[in-house]
Amino acid sequence: LLHIGVLALQGSVIEHARVLSELGAKPVEVKVSAHLQGLDGLIIPGGESTTMNKLAHAFDLFDDLKAFVHSGRAIYGSCAGMIMLADRIVDGIADQETLGGLDVTVRRNAFGRQVDSAQSFVDAGAFGGDTPLPAVFIRAPWVESVGSGVEVLSTWQQTPESEPAVVAVRQGPLLATSFHPEVTGDRRVHEYFLRMVAESNRG
Ligand code: GLN
């Protein structure tokens with residue numbers, strides 16, 4: 001049984017936990033450092049990255065969380081979680097701190113006003129299957145540039161005229177998506193992540 005932490009400071013915690021249970025993993029809410037003990041992997045949910053930072057410091061969790069993210073275990077960041085995993089942010093608040101680890105530059109709130117929130121379909125790419133992946137974007141970031149070790153897993157072309165935006169990336173044990181897959185009923189992203197966790201456990 002895989003024990004998967006869900007950072008539970010703020011954001012879509014319950015939704016991720018529900019999907020994990022559905023897929024046969026054990027979700028563990030992480031609010032303080034002790035909750036990181038014995039986890040096989042961790043999800044950093046969507047919400048608000050600056051608020052999550054503040055709360056992680058207030059709960060004295062930030063440093064241990066950062067160490068966990070850099071420990072080689074599988075980590076999945078969705079939306080605000082993607083921002084938390086990024087080495088660099090554009091349009092963050094001044095000196096916005098991240099946990100880092102993913103060699104990418106992420107632009108906060110990148111998709112502009114008309115898609116502050118949108119349900120769409122993105123290219124399923126590495127997540128597999130024959131159909132596009134339903135994806136919910138809520139004031140979502142996109143990945144503006146990637147370092148050489150980063151694999152682009154999925155892109156989204158908002159309109160036929162727009163450049164496809166990078167909306168899912170992976171670097172070793174770190175996975176990040178711009179969108180929220182936990183509210184769509186499509187389980188491909190979580191299934192992919194649980195395969196990553198199993199792989200990282202085998203070492
Ligand atoms: N815009 C939010 C942030 O900067 C992310 C939104 C989300 O997670 N749905 O953290």
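The values are calculated or read from the model by the stated rules, or taken from the named source; none is laboratory data. It should be emphasised that the depicted structure is a prediction, and the values quoted were computed from it without experimental measurement. Using ideal geometry, Cβ is built from the backbone for each residue, glycine included, and neighbour counts are taken over all protein chains shown.
Summary table
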{"read-out": "Residues of region 13-34 that turn out to be out of contact with any helix residue (DSSP H, G or I) (no Cβ under 9 Å at 6 or more places or on another chain), within 16 Å of the ligand (Cβ to nearest atom) and under 19 Å from residue 175 (Cβ atoms), as a count", "value": "2"}
{"read-out": "Of all residues in region 60-88 being under 12 Å from residue 100 (Cβ atoms) and among the basic types (Lys, Arg), the one that is nearest to the ligand (Cβ to nearest atom)", "value": "88"}
{"read-out": "Test: residue in region 45-66 that is among the acidic types (Asp, Glu) and either under 26 Å from residue 164 (Cβ atoms) or touching a residue at least 40 places away in the same chain (Cβ under 8 Å) (or both)", "value": "no"}
{"read-out": "Tabulated pairs, region 181-203, first among the charged types (D, E, K, R), second part of a helix (DSSP H, G or I), C-beta under 7 angstrom, 6+ apart or interchain", "value": "182/15; 182/16; 182/19; 187/19; 188/127"}
{"read-out": "Answer residue from region 49-58, given it is under 16 Å from residue 13 (Cβ atoms), crowded, with 16+ Cβ neighbours inside 10 Å and more than 12 Å from the chain's Cα centre (by Cα) and is nearest to the ligand (Cβ to nearest atom) among those", "value": "52"}
{"read-out": "Residue selected from region 62-100 under the condition surrounded by fewer than 20 Cβ atoms within 10 Å (Cβ to Cβ) and among the β-branched types (Val, Ile, Thr), by the criterion modelled with the highest pLDDT", "value": "90"}
{"read-out": "Among the candidates 37, 96, 10, residue that is over 26 Å from residue 185 (Cβ atoms), within 15 Å of the ligand (Cβ to nearest atom) and not aliphatic (A, V, I, L, M)", "value": "96"}
{"read-out": "Strands (runs of 3 or more DSSP E) fully within region 124-201 counting 1 or more residues that are among the hydroxyl-bearing types (Ser, Thr, Tyr) and crowded, with 20+ Cβ neighbours inside 10 Å", "value": "151-156, 174-177"}
{"read-out": "Check on residue 4, crowded, with 20+ Cβ neighbours inside 10 Å and touching a residue at least 12 places away in the same chain (Cβ under 8 Å)", "value": "yes"}
